[in-house]
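As structure tokens, the structure follows; a few thoughts come after it.
Each reported figure results from applying straightforward, stated rules to the coordinates on display, with no laboratory input. Just so we're clear, the structure is a prediction, and the values are computed from it rather than from any experiment. For neighbour counting, all protein chains shown are included, and Cβ atoms are generated from backbone atoms with ideal geometry for every residue, glycine included.
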Amino acid sequence: MLYGLIHVRYILTSKGMAAMLEKFKNYDFGRCPRVYCCGQPCLPVGQSDIPRSSTVKIYCPKCEDIYYPRSKYQGNVDGAYFGTTFPHLFLMTYGHLKLQKPSPRYTPRVFGFKIHNP
């Protein structure tokens, strides 16, 4: 647990951000499962900064949503070891990686007619 708390501090430093940039470019954290994001690389994020409260999730910078990681190993890592701050600070630091939101949005249809959502 001590290593995890040190890890969350390290990845927020400039050296840690540079290391995470390489992992991001290599798709080490996975890709967004959403079809319209076209395989956008994701970043790890915790839903809480309190240890043992939730596991790590992946954050897609394109659709700005979080998903469960596909890897069983990643799914068992404590989310507090990445924290709630990391992906947002990362994208502020490396602003050129921040993409516009995907323009197409899936619209459910039956026989070509849009379905009304109340």
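Annotation note: Cβ proximity below 7 Å between a residue of the stretch 28-52 that is surrounded by fewer than 19 Cβ atoms within 10 Å (Cβ to Cβ) and a residue that is of a type in the set (Asp, Glu) (sequence gap 6+ or interchain) occurs for PRO51/ASP78; ARG52/ASP78.
Quick one: which strands (runs of 3 or more DSSP E) sit completely within the stretch 1-84 and have at least 1 residues that are over 17 Å from GLY95 (Cα atoms) and touching a Lys or Arg at 6+ places or on another chain (Cβ under 6 Å)? Let's see the steps before the verdict.
Values: elements: 43-45, 57-60, 65-67.
So the answer is 43-45, 65-67.
Within the stretch 89-118, how many residues turn out to be in a loop (DSSP other than H, G, I, E, B) and either surrounded by 10 or more Cβ atoms within 10 Å (Cβ to Cβ) or of a type in the set (A, V, I, L, M) (or both)? Steps first, answer last, please.
Within the stretch 89-118, the first condition is being in a loop (DSSP other than H, G, I, E, B), and the residues that meet it are 94, 98-108, 111-112, 115-118.
Filter once more, keeping what is either surrounded by 10 or more Cβ atoms within 10 Å (Cβ to Cβ) or of a type in the set (A, V, I, L, M) (or both): 94, 98-99, 101-102, 115.
Selection size over the stretch 89-118: 6.
If I filter the stretch 11-25 down to residues being free of Cβ contacts under 8 Å to residues at least 24 places away in the same chain and surrounded by 14 or more Cβ atoms within 10 Å (Cβ to Cβ), which single residue comes out as farthest from LEU97 (Cα to Cα)? Quick ask: steps written out before the conclusion?
Step one: list which residues in the stretch 11-25 are free of Cβ contacts under 8 Å to residues at least 24 places away in the same chain, which gives 13-16, 18-19, 22-23, 25.
After this cut, where a residue has to be surrounded by 14 or more Cβ atoms within 10 Å (Cβ to Cβ) as well, the list is 16, 23.
Values: GLY16: 17, LYS23: 13 Å.
By that ranking, first place goes to GLY16.
Quick grid of which residues meet (1) charged (D, E, K, R); (2) closer than 30 Å to LEU2 by Cβ; (3) in contact with a Gly (Cβ under 7 Å, 6 or more places away or on another chain):
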site	(1), (2), (3)
VAL56	no, yes, yes
GLY75	no, yes, no
TYR81	no, yes, yes
LEU91	no, yes, no
HIS96	no, no, no
LYS101	yes, no, no
ARG105	yes, no, no
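Of all residues in the stretch 62-88, those being surrounded by fewer than 16 Cβ atoms within 10 Å (Cβ to Cβ) and touching a residue at least 40 places away in the same chain (Cβ under 8 Å) number 3. Here CYS38 meets the list (1) hydrophobic (A, V, I, L, M, F, W, C); (2) on the phi < 0 side of the Ramachandran plot; (3) out of contact with any strand residue (DSSP E or B) (no Cβ under 7 Å at 6 or more places or on another chain) almost entirely, failing just condition (2).
Residue by residue through the stretch 21-42, note down the ones that are under 13 Å from ARG70 (Cα atoms), out of contact with any Asp or Glu (no Cβ under 9 Å at 6 or more places or on another chain) and not small (Gly, Ala, Ser). Answer for the stretch 21-42, where residues must be under 13 Å from ARG70 (Cα atoms), out of contact with any Asp or Glu (no Cβ under 9 Å at 6 or more places or on another chain) and not small (Gly, Ala, Ser): TYR27, PHE29, ARG31, PRO33, CYS42.
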